[in-house]
Amino acid sequence: MPDRELERLLRLHVYERALWRDGIELVAGIDEAGRGPLAGPVVAAAVILKEQLLISGLNDSKVVSPLNRQVLAREIKLKAAAWAVGVIPVGLIERHNILQATYMAMRAAMNRLQLRPEHVLVDGWALPGIPIEQTAIIKGDAKSAAIAAASIIAKTTRDAIMTYYSRLYPKYNFEQNKGYPTTDHLEALNRFGPCFIHRRTFHGVRENLD
């Protein structure tokens, strides 16, 4: 591994190392994927680290190519102390709103972990309703290795779900747009109206309900 990449990865563990120095062994990172799309679930992942995750290329999922995300996800799942995902479907997003659905997905991922973390690093804002000490980090997926790992697993999980849905609803090209409001997706919505997995309360979908 090049020295520059190793230095970057070491900087990415600054929050984790501080907690480990304080005697906290199991540190979890939590992130989500799918808050902004017009279709499909919101997915969260939780990843527990008890040592540095020195995987070349580990970073915020948004700056990693789809192919490299797949490779990284496999390595993370092998090397992390534990990992889990939570998936909240469209019906609950519409019933509760996307923010509450995101919290539900994060808590579901936490509850499915095979180990109980001693501290949680959360991307963005604090996660209500968990009885564990936590640190909320704005843009945490670019600042914390555990959160970056969670962002990779959340993103690859959701992308796989949307690829599956693309076979059920081929008119919307979900395999490519993953439910986001791309030009082709908006054109398909205008032409065909929403399908079963569209979020009918979202701007861009509700205008095409008729």
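Restricting the search to segment 10-41, which residues are farther than 19 Å from Lys139 by Cβ and under 18 Å from the mean Cα position of the chain (by Cα)?
Residues satisfying the conditions are Pro37, Leu38, Ala39, Gly40, Pro41.
If I ask for residues that are more than 18 Å from Met110 (Cβ to Cβ) and among the hydroxyl-bearing types (Ser, Thr, Tyr), which ones from segment 138-157 would you list?
Correct list: Thr156 only.
Against the condition hydroxyl-bearing (Ser, Thr, Tyr), in contact with a Pro (Cβ under 6 Å, 6 or more places away or on another chain) and either crowded, with 21+ Cβ neighbours inside 10 Å or on the phi < 0 side of the Ramachandran plot (or both), how does Tyr165 come out, does it pass?
Against the criterion (hydroxyl-bearing (Ser, Thr, Tyr), in contact with a Pro (Cβ under 6 Å, 6 or more places away or on another chain) and either crowded, with 21+ Cβ neighbours inside 10 Å or on the phi < 0 side of the Ramachandran plot (or both)), Tyr165 does not qualify.
Could you tell me which residue of segment 105-147 is surrounded by the most Cβ atoms within 10 Å (Cβ to Cβ), considering only residues that are in a helix (DSSP H, G or I) and of a type in the set (Gly, Ala, Ser)?
Checking each candidate, the answer is Ala146.
Taking only segment 148-202 into account, find how many residues are in a helix (DSSP H, G or I), closer than 20 Å to Gly91 by Cα and among the aromatic types (Phe, Trp, Tyr).
Number satisfying all stated conditions: 4.
Rule-based calculations on the coordinates, nothing more; no lab input. What you see is a predicted model; the values in this text were computed from it and never measured. We place every Cβ from the backbone using ideal geometry, glycine too, and count neighbours over all the protein chains shown.
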